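What follows is a short report on a single structure.
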Amino acid sequence: MAYNDLDAITVQDIEPQMVDTFFKSSPGFALLKDKCYAKFAGGLFIQIPIMYAPLNGGPTGRGGTFDTSYVQTTQALTFNIKEYWVNATLFGYDNMINVGDAAILSNLETKMADAAETMAFKMGTDMWLDGQGQSSSSIALDGLYAACNDGTNSAHVLAVTTTYGGILRSSLSSCQNTGINGYTKSFFGTQLGLSDIQVAIGAATFGRHRPDILFSTQTVWDLIWNKIQPQQRFMSSQGGIGVAPIGFDALRFNNTPIVVDQYMPAGYMYGIASEFLELQTSVVPKYNFGTTGWKEAQNTDDVSCQYLFGGNMTYSAPRISLQLTDITS
């Protein structure tokens, strides 16, 4: 290695921080992992009972009779267990180099930080897809595309999901809350209007429950901003120098926040009631965002470990959801 005068006598300065230039922001996965966390304690499936029909009843008069026929009122959403992995490999040789005062950052720690971000990237992407072999693999998370669907060809670019949680949507279509169908609408060839969002939220409202968060891509968020901003009125200036405060830091539609998730597919908006969303996670430490531990490869001192998740994502009230697709204008 050739040195000039300064190279030979000057220490290289390395900033003690790593700058992320790959991974994006996923508020959806952050919500899922931090606020919708649930424990899966074992079993062949994750099963969630749902009530979908009323019993027989009504007014009667003197000498009236009762309808005593049996009525099935419950079903169960059933989800397979899914597993995600991220591999990290380190060269054993590097242990001699990345050590002591010369190691500004730990090679091991940066690799494990990357593993956690990679897991969030993989799961944060799949949570918006179906997990039924159409928009994502059948071994991927049962995502919100399947949960918030209605079994019709509402999305121009993807196939329909006629089942969710192992239940055929059409088999519950006659019950009071239209079974497990979300509100869906495609805007292929048409423009999204503010009234369309209002109708979607209203259609996804059932009893006292309604979507409490809306997710969109940045492009869709910008489209909504463009529709709202011309209606903004400037009531005052800042500091008395006539500076108009144009635009908004955040959007709330009927008090429901609209949040940008950069891992969502283009042209989509979702609305969910977060109380029904769960990330069912195994209680086994290794599969609860844990690791397999470092293992040496045969005939070398290089080591590998796997960062793991086991469980699935469930949404137990598809009726209280909305899915707007093909939004381009």
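Descriptive notes on the structure:
- Residue within segment 297-320 that is among the β-branched types (Val, Ile, Thr) and surrounded by fewer than 19 Cβ atoms within 10 Å (Cβ to Cβ) present: yes
- Residues being farther than 15 Å from Phe289 by Cβ, touching a residue at least 40 places away in the same chain (Cβ under 8 Å) and not in a loop (DSSP other than H, G, I, E, B) - total across segment 25-66: 6
- Segment 271-325, subset farther than 23 Å from Gln75 by Cβ and aromatic (Phe, Trp, Tyr), residue modelled with the lowest pLDDT: Trp294
- Number of the exception - Thr125 against (1) closer than 30 Å to Leu172 by Cα; (2) out of contact with any helix residue (DSSP H, G or I) (no Cβ under 7 Å at 6 or more places or on another chain); (3) not in a helix (DSSP H, G or I): (3)
- Tally, over segment 152-165, of residues that are at pLDDT 75 or above and under 20 Å from the mean Cα position of the chain (by Cα): 4
- Breaking point among (1) modelled with pLDDT under 90; (2) under 30 Å from Thr300 (Cα atoms), for Ser135: (2)
- Sub-8 Å Cβ pairs linking a first residue in segment 285-296 that is touching a residue at least 12 places away in the same chain (Cβ under 8 Å) and farther than 18 Å from Lys111 by Cα to a second residue that is part of a strand (DSSP E or B) and of a type in the set (S, T, N, Q), at least 6 apart or interchain, are Tyr287/Thr281; Asn288/Thr281; Asn288/Ser282, ordered by first then second residue.
- Restricting segment 297-309 to residues that are of a type in the set (A, V, I, L, M) and touching a residue at least 40 places away in the same chain (Cβ under 8 Å), the residue that is nearest to Asn87 (Cα to Cα): Leu308
- Ile272 being surrounded by fewer than 21 Cβ atoms within 10 Å (Cβ to Cβ), closer than 27 Å to Glu117 by Cβ and either touching a strand residue (DSSP E or B) at 6+ places or on another chain (Cβ under 9 Å) or free of Cβ contacts under 8 Å to residues at least 24 places away in the same chain (or both): no
- Only residues that are hydroxyl-bearing (Ser, Thr, Tyr) and either surrounded by 13 or more Cβ atoms within 10 Å (Cβ to Cβ) or within 27 Å of the chain's Cα centre (by Cα) (or both) were counted in segment 74-88, giving 2.
- Some residue of segment 98-110 being polar (S, T, N, Q), under 30 Å from Ala200 (Cβ atoms) and either surrounded by 21 or more Cβ atoms within 10 Å (Cβ to Cβ) or out of contact with any helix residue (DSSP H, G or I) (no Cβ under 7 Å at 6 or more places or on another chain) (or both): no
- Scanning segment 253-270 for residues that are among the polar types (S, T, N, Q) and at positive phi returns Asn254, Asn255.
- Tally of residues being closer than 24 Å to Asp301 by Cβ and part of a loop (DSSP other than H, G, I, E, B) across segment 81-122: 8
- Considering segment 170-186, and only residues there that are of a type in the set (A, V, I, L, M, F, W, C) and over 22 Å from the mean Cα position of the chain (by Cα), the residue that is modelled with the highest pLDDT turns out to be Leu172.
The values are calculated or read from the model by the stated rules, or taken from the named source; none is laboratory data. In this text, all values refer to a predicted model and were calculated from it rather than measured experimentally. Cβ sites come from the backbone with ideal geometry, for glycine too, and all protein chains shown count toward neighbours.
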